[in-house]
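Novice: Just passing along the structure, written as structure tokens.
A short reminder: the numbers here are calculations on the coordinates, not readings from a lab. Given the structure is predicted, the values throughout are model-derived calculations rather than measurements. Cβ: placed from backbone, ideal geometry, glycine included. Neighbour counts: every protein chain shown.
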Amino acid sequence: MDANDGPISGRPGQRPQPVDREPVAEADVGRVDADASDGSSAARGSPVHPRLQAVILAGRYHGIELDPGEFRTGPGEKAPSAAALSTWAQNSGMWARGVRLRWRHLARFQNTAPVVLLFTDGSAGLLTGVNNEHKVVLIKDPRGPATDPPVPVDELRLAEVWAGDAVMLRASRGFAEVDAPFSLRWLVGLVLQERRSLKEIGIASLTLSFLTIFPPLLVMTVVDKVLTHNSYSTLVLLATILAIAVTYETLLGYARRLIILVVGTRIDARVNLHVFNRLLRLPLDYFERHPAGETMYNISQIHRVREFLTGKLMTSFLDLMTLCVLLPFLFWLNAPMAWIVLACSCLIAMVILVYLKPLAVIFARVVQAETNKQAALGETVFGVRR
């Protein structure tokens, strides 16, 4: 089969003229052709579906041989879908994703491995290169001979046979920041990236903890010295020290709140970008199995986790620092009263720990109910115009 007979070829007499191709694109094409040379004859007479053949050639580019006998077609599918093809490649040890692309996205695949484009007539093509100067992409017919060069195709001709479905493959899934699993550990690592700001918050909190001790000490001195001995000069001095301490505590508290706000905003931006990138990288079958309202609700809950880390959890940590400073001072003032306070605190902590598991079960039901409600609401709103 000639490459011009494929779904992207022009009409008789309208074959596009050869164009200058990028050097890297030529290297990619040559590598695909070399990998497919030993099986091209079999491909021409083989009953293997053209979409499977395209994925097989892309796998050979990465040094992996895929077995078409292991492919399983989904129920009711006339042609292999992007989700089924990506699952087949993943089961063979590759990293694969079914994605939706546009023409402007194809222009970025200049130094990349071949991308499988799924055409609307059920066939497929291999994107092996890009020529941005002539605004064409180089498409190879997987059913054609290995010696046939890829065909340059412009945007208009490609839009006639391609709706945007594609399959991207790699030999193995390399770790990247965008691929990091969204977990509590990842969120903690994200917060710890702001070590410098967290260090400043810790110093400010420790200083505020010590400043918290000054007012009661000054009051004790006023009662012992001023009221007993009528030492007004001492009163003026203590009042001045108290005013300075209160002013410094106010300014330091404002600076700490401002730093916490800046840290929270930075983390919010990173979480939003990470969630958006992960959302775009989800396979197509995820959106077929999950309602849009459920996805939107799950995304909204992610920010509650961030608010907990930079809000309640950080505040509790700062209060713990204050407690570590005040507790020795309380024992110095009155040990029996300090033991009473410590015993009451332990009792409250035990009550909280006892109720954690029942509350977790109840809250899980609440979350599931909210998810179902948002899924139904989202599907209703999105389906009104239909």
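Novice: When the chain is fully extended, how far beyond the present Cα-Cα distance does K78 get from T315, taking 0.36 nm per residue of separation?
Specialist: 79.6 nm
Novice: Could you give the length gained by full extension between D224 and A243, i.e. 0.36 nm per residue of separation minus their alpha carbon distance, to one decimal place?
Specialist: Here the segment from D224 to A243 would lengthen by 4.9 nm.
Novice: Pop a pseudo-label 7 angstrom from the Cα along the beta-carbon direction at both H290 and V262 and give the gap in nm to one decimal.
Specialist: Between H290 and V262, the label points sit 3.5 nm apart.
Novice: Show which lysines lie in cross-link reach of K357 when reach means a straight Cα distance below 22 angstrom and same-chain residues fewer than eight apart are skipped.
Specialist: Leaving aside lysines fewer than 8 places away in the same chain, those within reach of K357 are K312.
Novice: Sticking with this structure for a sec: So between H303 and L156, what do we pick up on full extension, going 0.36 nm a residue minus the alpha carbon distance?
Specialist: Roughly 48.7 nm would be gained on extension.
Novice: Evaluate E = 1/(1 + (r/R0)^6) for L235 and W186, where r is the Cβ-Cβ distance and R0 equals 41 Å; express this FRET efficiency to the nearest 0.05.
Specialist: E(calc), rounded to 0.05, equals 0.15.
Novice: Among all the lysines, which ones have a C-alpha under 24 Å from K78's C-alpha, if same-chain residues fewer than 8 places away are not counted?
Specialist: K140
Novice: Set Lys and Arg Cβ to +1 and Asp and Glu Cβ to -1, take the dipole of segment 87-227 about its Cα centre, and tell me which of S209, H105, T128 lies farthest positive.
Specialist: Farthest towards the positive end: S209.
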